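The next block holds one structure in the form of structure tokens; read it before the comments.
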Amino acid sequence: MALENRLELKMLQKLILTPQLQQAIKLLQMPQIELSQTLSNELVENPFLEEILEESTKEELAETESFEEPDDTEAPLEKLMGFSVSEYFDTRSYDGRDLGYFTPDINAVPSYEQFVSQGTDLYDHLTWQLRFADAPDEVKSAAEVVIGNIDDNGYLRASEEDIAKYADVSLEVAKKAIKLVQTFDPPGVGARDLKECLVLQLEPLNLRGSLVEDLIMNNLEDIEKRRYQQLAQRYGCSVDSIKGAVKIIGGLEPKPGRGFSSSQPVYITPDVFVVKTEDGFQILLNDDNIPRIRINNYYKKLLAQKNSLPKEEKEYLEERLRSAVWLLKSLDHRNKTIYRVTESILNFQREFFEGGVAYLKPLNLRDVAADLNMHESTISRATSNKYLACSHGLFSFRFFFSSGIRAETGKVSSTSVKDMIKKIISEEDPRKPLSDQKIAEMLKNFNITVARRTIAKYRDELNIPPQNLRRKIE
């Protein structure tokens, strides 16, 4: 078949995401903290945006309510209150801001955060002890390398050969350096594995060479499975002796470094509050720490003087104004969408907001999308990484979407079933924990029929150990 070149015309429909539409989608799925950072960046990059301060007057706010772009006609100079381009640059450059050497007020009060102390991390704690250790200089030098290779849990993640190579010392000196660090606080630090970590903690307790050490070195798996009778026969002692040794092992720290973690806690900020009032429930969008932005009237006047601006500057300002207007519209659309989605969830899950987790109903994205006449992807973005606070606690939006389990009274949410399992196990006798089959039988009293393997699945998802591992040691 011969190859030839030819031109053809085709008509087709194709969905193209404009940059503005992409921005609207990103804003919708942003969590609270990321949205605050994005708006702060936009305030810096776009001259047409400014933050609304609390001291702004009502006249100033009314003056900037309209987001329409200026028309093509030039505004009369008398209506611009004598504003000119040269005046703008004079007021902006008198303190050197536009030239890049603006000097802040040296008398400004420093922020409180500058005085907040930080906790000592594990590396600093070990280095401080090394400074006072009685050891040769080459051992101390190698010990610095050892400390540098200890992870946040307190375990050494480098071999003796690696320590010797990095510290440029002999293998014997590297071993001495490891032994030196293992004498430091917290007990167990510098170990290569769990067994060594636990054994190192026996030294201050004077339990080296005891039954406790034998159990750690040889029988951790048997201890996990509660094989006390077999262990007593193996070591020729009573079951009570084994249980006593297991109690000591249970009091040791498997991660000695976690008490010195330098990681900061992550606080969740709710996006929506649902407050119960006398008239029902009220939905409040959380706008704390979110900059309130508006169009800068100063730049709108500057853009109105079209004959005073070069073509490139005029085009730049017009593009920045369109970007600012679209950002405000996208932000408004985001707030309205989240409000409507919350309102729909409130309608579907009203019994939950009245009574708690036990009354949670099965719900999926399709139900909310049909209720709001939106696409499922929009609902997914609106509920992604967002949280709702109510009288029952702080919940992810995805918490309200769960599968259903058939019961005699209808479908029951799997989340409420998990909550019932958790409550049943919390009330059990620790000396005689309930089996999965027994829990399934107890759920039948609530007209909920669940298979034993489903109980085991939900229990694993709740990080609850099986029956034999929940039994309390007497």
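The values are calculated or read from the model by the stated rules, or taken from the named source; none is laboratory data. What you see is a predicted model; the values in this text were computed from it and never measured. Glycine also receives a Cβ, built like all others from the backbone with ideal geometry; neighbour counts cover every protein chain displayed.
May I ask you to list pairs of residues, at least six apart or on different chains, whose Cβ atoms are under 9 Å apart, with the first in the stretch 211-224 being under 14 Å from Gln201 (Cα atoms) and the second being surrounded by 13 or more Cβ atoms within 10 Å (Cβ to Cβ) and of a type in the set (Lys, Arg)?
Close Cβ pairs (under 9 Å, with a partner that is surrounded by 13 or more Cβ atoms within 10 Å (Cβ to Cβ) and of a type in the set (Lys, Arg)) amount to Ile216/Lys195; Met217/Lys195.
Could you name every one of the helices (runs of 4 or more DSSP H) located completely within the stretch 435-474 that has at least 2 residues being acidic (Asp, Glu) and assigned by TED's automatic domain parsing to the domain that holds Ile421? Step through it out loud before you land on a result.
Working: elements: 436-444, 452-461, 467-470.
So the answer is 436-444, 452-461.
Kindly indicate whether any position in the stretch 238-247 is of a type in the set (Val, Ile, Thr), outside the structural domain of Arg431 (by TED's automatic domain parsing) and assigned to a loop (DSSP other than H, G, I, E, B). So that I can check it myself, show each step before the final result.
Taking the stretch 238-247 and keeping what is of a type in the set (Val, Ile, Thr), we get 239, 242, 246.
Next, only the ones that are outside the structural domain of Arg431 (by TED's automatic domain parsing) stay: 239, 242, 246.
Retained after the next criterion (residues that are assigned to a loop (DSSP other than H, G, I, E, B)): none.
Checked the stretch 238-247: no residue is of a type in the set (Val, Ile, Thr), outside the structural domain of Arg431 (by TED's automatic domain parsing) and assigned to a loop (DSSP other than H, G, I, E, B).
Please find, within the stretch 401-451, the residue that is nearest to the chain's Cα centre (by Cα) out of those that are among the acidic types (Asp, Glu) and farther than 21 Å from Gln349 by Cβ. Step through it out loud before you land on a result.
Step one: list which residues in the stretch 401-451 are among the acidic types (Asp, Glu), which gives 408, 419, 427-429, 436, 441.
Remaining after also requiring farther than 21 Å from Gln349 by Cβ: 408, 427-429, 436, 441.
Numbers: Glu408: 39, Glu427: 31, Glu428: 33, Asp429: 36, Asp436: 33, Glu441: 38 Å.
Within the stretch 401-451, the match that is nearest to the chain's Cα centre (by Cα) is Glu427.
Taking the stretch 125-163 on its own, how many of its residues are of a type in the set (D, E, K, R), within 31 Å of the chain's Cα centre (by Cα) and either surrounded by 14 or more Cβ atoms within 10 Å (Cβ to Cβ) or closer than 13 Å to Val181 by Cα (or both)? Break it down stepwise before answering.
Restricting attention to the stretch 125-163, the residues satisfying the condition of being of a type in the set (D, E, K, R) are 131, 134, 137-138, 140, 144, 151-152, 157, 160-162.
Still in the list and also within 31 Å of the chain's Cα centre (by Cα): 151-152, 157.
When the remaining residues are screened for being either surrounded by 14 or more Cβ atoms within 10 Å (Cβ to Cβ) or closer than 13 Å to Val181 by Cα (or both), the result is 152.
Going through the stretch 125-163 one residue at a time, the tally reaches 1.
Looking at (1) surrounded by fewer than 19 Cβ atoms within 10 Å (Cβ to Cβ); (2) closer than 21 Å to Glu278 by Cα; (3) of a type outside the set (Ser, Thr, Tyr), which is the only condition Leu388 fails?
Single failed check for Leu388: (1).
Which numbered condition in (1) in a loop (DSSP other than H, G, I, E, B); (2) touching a Phe, Trp or Tyr at 6+ places or on another chain (Cβ under 8 Å); (3) without any contact (Cβ under 8 Å) to a residue 24 or more places away in the chain; (4) of a type in the set (A, V, I, L, M, F, W, C) is the only one that Val266 fails?
For Val266, the exception is condition (2).
Might you check whether a residue that is surrounded by fewer than 17 Cβ atoms within 10 Å (Cβ to Cβ), more than 27 Å from the chain's Cα centre (by Cα) and not in a helix (DSSP H, G or I) occurs anywhere in the stretch 310-329?
yes
Yes/no matrix, rows are residues, columns are (1) modelled with pLDDT of 85 or more; (2) within 24 Å of Glu354 (Cα to Cα):
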residue: Ser391; (1), (2): yes, yes
residue: Phe400; (1), (2): yes, yes
residue: Gly410; (1), (2): no, yes
residue: Gln437; (1), (2): yes, no
residue: Lys457; (1), (2): yes, no
